[in-house]
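Following: one structure in structure tokens, then a few remarks.
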């Protein structure tokens, strides 16, 4: 059985299409194993402030002082093209990778107080964590990050269910009113399908947007990790 120490905690990565439930699955995993769980999207949006020249290339302008990164991104989303959506991930990937690699190498940090990562915290246990989990789209394309990740999970769902779930998100309401929702979803599905090509996760799980599938996915992850030699305590 693999031995872990506080200097070498287990690292788990979650990826998958937008709206498939990778963030929810990552947080659920963290809460029921004692792992710290982080959200990659929040880190990616932070990068828009760090790299104004990349932000201009994606959206046509940089952020003004005091602008919220996520609100800026969705406020400048239209018109959406394949290139704009693809570049958002491609041009920000090394920043996400840098932040997650730092987190992976400093797993006992109080991330809720970290200047960059505090908004990315989905769950952090009291005291020392049992490991660290991160939601990140296309992590397999970040080669250094892939080497740091001990176990990878792809979360998937039915495309029709995924679209209905995305339609409920507050940041999608303006696009629905503008009659652009179907076009945006089609572009995002194409881009993220391309980003996930070649992914070789240790496990793929299916999310049906209910408690039962979360529990089942959790059980599948822990069972597969045990097969790989990692003992993880299920606190459910």
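The values are calculated or read from the model by the stated rules, or taken from the named source; none is laboratory data. Everything numeric here is computed off the predicted structure, so don't read it as measured data. Cβ atoms come from the backbone with ideal geometry, glycine included; neighbour counts cover every protein chain shown.
The residues of the stretch 70-79 that are over 20 Å from residue 182 (Cα atoms) and either out of contact with any helix residue (DSSP H, G or I) (no Cβ under 8 Å at 6 or more places or on another chain) or at pLDDT 95 or above (or both), listed by number, are 71, 72.
Within the stretch 55-66, restricting attention to residues that are part of a helix (DSSP H, G or I) and in contact with a helix residue (DSSP H, G or I) (Cβ under 7 Å, 6 or more places away or on another chain), the residue that is surrounded by the fewest Cβ atoms within 10 Å (Cβ to Cβ) is 57. Look at residue 194 and say whether it is surrounded by 13 or more Cβ atoms within 10 Å (Cβ to Cβ), more than 30 Å from residue 81 (Cα to Cα) and within 19 Å of the chain's Cα centre (by Cα). For residue 194, the condition - surrounded by 13 or more Cβ atoms within 10 Å (Cβ to Cβ), more than 30 Å from residue 81 (Cα to Cα) and within 19 Å of the chain's Cα centre (by Cα) - is not met. When the stretch 25-54 is filtered for residues that are touching a residue at least 12 places away in the same chain (Cβ under 8 Å), over 14 Å from the mean Cα position of the chain (by Cα) and assigned to a helix (DSSP H, G or I), the ones remaining, listed by number, are 31, 47, 48, 49, 50, 54. Would you mind listing the helices (runs of 4 or more DSSP H) fully within the stretch 170-236 where at least 2 residues are more than 18 Å from residue 17 (Cβ to Cβ)? Correct list: 173-177, 211-227.
What do you reckon, is residue 111 touching a residue at least 40 places away in the same chain (Cβ under 8 Å), closer than 30 Å to residue 224 by Cβ and within 15 Å of the chain's Cα centre (by Cα)? Spelling it out, it is not the case that residue 111 is touching a residue at least 40 places away in the same chain (Cβ under 8 Å), closer than 30 Å to residue 224 by Cβ and within 15 Å of the chain's Cα centre (by Cα). For the residues 28, 51, 82, the requirement of being out of contact with any strand residue (DSSP E or B) (no Cβ under 8 Å at 6 or more places or on another chain), closer than 20 Å to residue 215 by Cα and modelled with pLDDT of 95 or more singles out 28. Being in contact (Cβ under 8 Å) with a residue 24 or more places away in the chain and over 21 Å from residue 227 (Cα atoms), is that true of even one residue in the stretch 147-154? No: zero hits. When residues in the stretch 105-123 are screened for being surrounded by fewer than 19 Cβ atoms within 10 Å (Cβ to Cβ) and within 16 Å of residue 9 (Cβ to Cβ), 5 of them pass. Out of the residues in the stretch 200-220 that are within 16 Å of residue 139 (Cβ to Cβ) and touching a strand residue (DSSP E or B) at 6+ places or on another chain (Cβ under 6 Å), which is surrounded by the most Cβ atoms within 10 Å (Cβ to Cβ)? Per the stated criteria, the residue is 205. Taking first residues from the stretch 164-175 that are on the phi < 0 side of the Ramachandran plot and free of Cβ contacts under 8 Å to residues at least 60 places away in the same chain and partners that are in a helix (DSSP H, G or I) and surrounded by 15 or more Cβ atoms within 10 Å (Cβ to Cβ), the Cβ contacts under 6 Å between residues at least 6 apart in sequence or on separate chains come to 172/166.
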